[in-house]
1. Working only within the stretch 509-525, note down all residues that are modelled with pLDDT of 95 or more and either polar (S, T, N, Q) or under 16 Å from Ala478 (Cα atoms) (or both).
2. Would you call Glu143 of a type in the set (Asp, Glu) and in contact (Cβ under 8 Å) with a residue 40 or more places away in the chain?
3. Mind telling me which of the residues Phe479, Phe463, Phe437, Phe448 ends up being under 30 Å from Leu323 (Cβ atoms), surrounded by fewer than 22 Cβ atoms within 10 Å (Cβ to Cβ) and either outside the structural domain of Thr198 (by TED's automatic domain parsing) or β-branched (Val, Ile, Thr) (or both)?
4. Quick one: which of Gly174, Gly201, Gly214 is touching a residue at least 60 places away in the same chain (Cβ under 8 Å) and not aromatic (Phe, Trp, Tyr)?
5. I'm trying to understand the selection: among the residues of the stretch 225-254, which are under 20 Å from the mean Cα position of the chain (by Cα) and of a type in the set (S, T, N, Q)?
6. On the basis of being touching a strand residue (DSSP E or B) at 6+ places or on another chain (Cβ under 7 Å), touching a residue at least 24 places away in the same chain (Cβ under 8 Å) and outside any helix (DSSP H, G or I), does Ile361 make the cut?
7. Of all residues in the stretch 59-91 being among the acidic types (Asp, Glu) and within 15 Å of Gly360 (Cα to Cα), which is farthest from the chain's Cα centre (by Cα)?
8. What helices (runs of 4 or more DSSP H) completely inside the stretch 476-564 contain at least 2 residues that are over 30 Å from Phe192 (Cα atoms) and in contact (Cβ under 8 Å) with a residue 60 or more places away in the chain?
Amino acid sequence: MRKSLVLLVLIFLISLSSVEAAPKRKPPAEPSIQIPVIAIPAMQKIDPERIRAHVRFLAHDLLEGRGTGQRGGDIAAEYIATQFAVDGLRPAGDNGTFMQKVPMVGVTPDTATTFSLVGSTGPAKDLKPLTEYVAYNETQQPESDVDAEIVYVGYGIQAPEYNWDDYKGVDVKGKVLLMLVNEPASDDPKFFNGRALTYYGRWTYKYEQAARKGAVGAILIHKTEMASYPWEVVRNSNSGEKSYLKLEGTPKLKVASWIHLEAARALANMSGLDVDKIIADAQSPSFRPIPLDVRLKAHMVSKIRPFESNNVLAMLPGSDSKLKNEAVMYTAHYDHLGIRPDMPGDNIYNGANDNATGCGILLELARAYSLSAQAPKRSIIFASVTAEEQGLLGSEYLGKHPPVPAGRIALDLNYDDVAPLGSPEEVEVSGSERTTFFPVVQAFANEFRLQIRPDTRPEAGHFYRSDHFSLARVGIPAFSINEGVKYKGHDAAWGIQQADEFTAKHYHQPSDEYHPDMDFTGDAAMARFGFALGWEAASQPKLIGWQKGDEFEAARMKSQGSAH
């Protein structure tokens, strides 16, 4: 027995010496990146059950759907601030607090509002609110009247880099513009990014461009295939009070609206046109605006409520005497759609997936960083923002008023709607490929044994639909972290089915609720992955940038010029 043991030891020692004598291999082409030893114990403390506990509370009926400017939303903000305080983080809001006040105005359409299509002949067509149209007065006035010609402008896009102009120099000042959501269809990545939606396809761009052109109103035609969500989402997102940032001189529309496809069909018929044909005609770059023989006559009556909501901001100061003046940021929105007292049955939009999950991850990341024996070189900012569901308003305000100048923020990592479905084998980081940080993202994905999943639905334009976009607009390299569709024990088809079912039955519905059988393994995995990325971004010698030629590169250069 002893001789055998001695023989085994000798064999082991010989094998070691042969390994040491072997020639060194060439380093792999892709960077081999590892989490620093000092950070591993903190990362390993990330606990899926703690994320569950946060989600359970934030999605509880007592918080009444965490509506912006509503009691439940304010309770959520206080809860998050309290967790940051318990973790020993430094307040990064106003006047030494965790709260950054966001001045807002709530606009609630009144039942006295009228919305009529008036042709040159025949009776006027009065559209029914929520069923056939939704509309808000962005000028934040209690009453406004519109009586204006409707002009169809196709997609309503001016994109010189793609040689596309739907306006063709036509003066639309004082008009109401009828337009399509989305953008011209293409598989060519050099033309509107192919299948991937650009910002030109988002409804926010359509309204902004119409206002810049001097229009008094805009009507978006809803078509499920083009919007990537059903009419119910439009109705639920645009009923009750809608919040806006307090006006700062930017032109706004008296009527910012959507209409149901069938109402659009009736509108086209009043002008002797076919809605399917004019939608098809808009696919051509030679499309020209079409004045319709129909006017919009609208009397917009709104309840106006000035109020303040809060972004919740905390900071872990960096350990490097110079780099601590720079930062890495984590974001997640805490708001949802609130409670609708006028709706029968379950009228609380709990927002468990969207976005109590992201908040739970953010809070667990904050706790993990606070437990590290040493902070990373750059400071870490944790921002739970308000009014995402109102149009990314809290993050827009944060981007304009960051606690550290935008030019000194290395990266924003955002979490939004991370489904608690089990252990993921993929990660979605759409937009990371547009940054100089992408090789690090790839290396860490390999380290965590996660396949990078391309955007499952690029036509939905997810990059422009969550809070990281607000930070990207001011130049900060930013993207969201989420699971792909492949989970342990299931094929990709199962994951796609889960996502499609959630979108169809629960997204922006009262049924987006917490359930005890939710599995937060994946949320914890995404938190650990983001922890590693954030730590590395906070440790690199140089700040991250956008790839050359990216649409946000100019904003990055401008922000860095003003930060120094």
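1. Once the filter is applied, which keeps residues that are modelled with pLDDT of 95 or more and either polar (S, T, N, Q) or under 16 Å from Ala478 (Cα atoms) (or both), the stretch 509-525 yields Ser511, Thr521.
2. It is true that Glu143 is of a type in the set (Asp, Glu) and in contact (Cβ under 8 Å) with a residue 40 or more places away in the chain.
3. Of Phe479, Phe463, Phe437, Phe448, the one residue that is under 30 Å from Leu323 (Cβ atoms), surrounded by fewer than 22 Cβ atoms within 10 Å (Cβ to Cβ) and either outside the structural domain of Thr198 (by TED's automatic domain parsing) or β-branched (Val, Ile, Thr) (or both) is Phe448.
4. None of the others qualify; the one that does is Gly201.
5. Hits for the stretch 225-254 are Ser228, Asn236, Ser237, Asn238, Ser243.
6. So Ile361 fails the test.
7. Out of the qualifying residues, it is Asp87.
8. 521-539, 553-563
The values are calculated or read from the model by the stated rules, or taken from the named source; none is laboratory data. For clarity, every value in this text was computed on a predicted model and none was experimentally measured. No Cβ is skipped: glycine too gets one built from the backbone with ideal geometry, and neighbour counts run over all protein chains shown.
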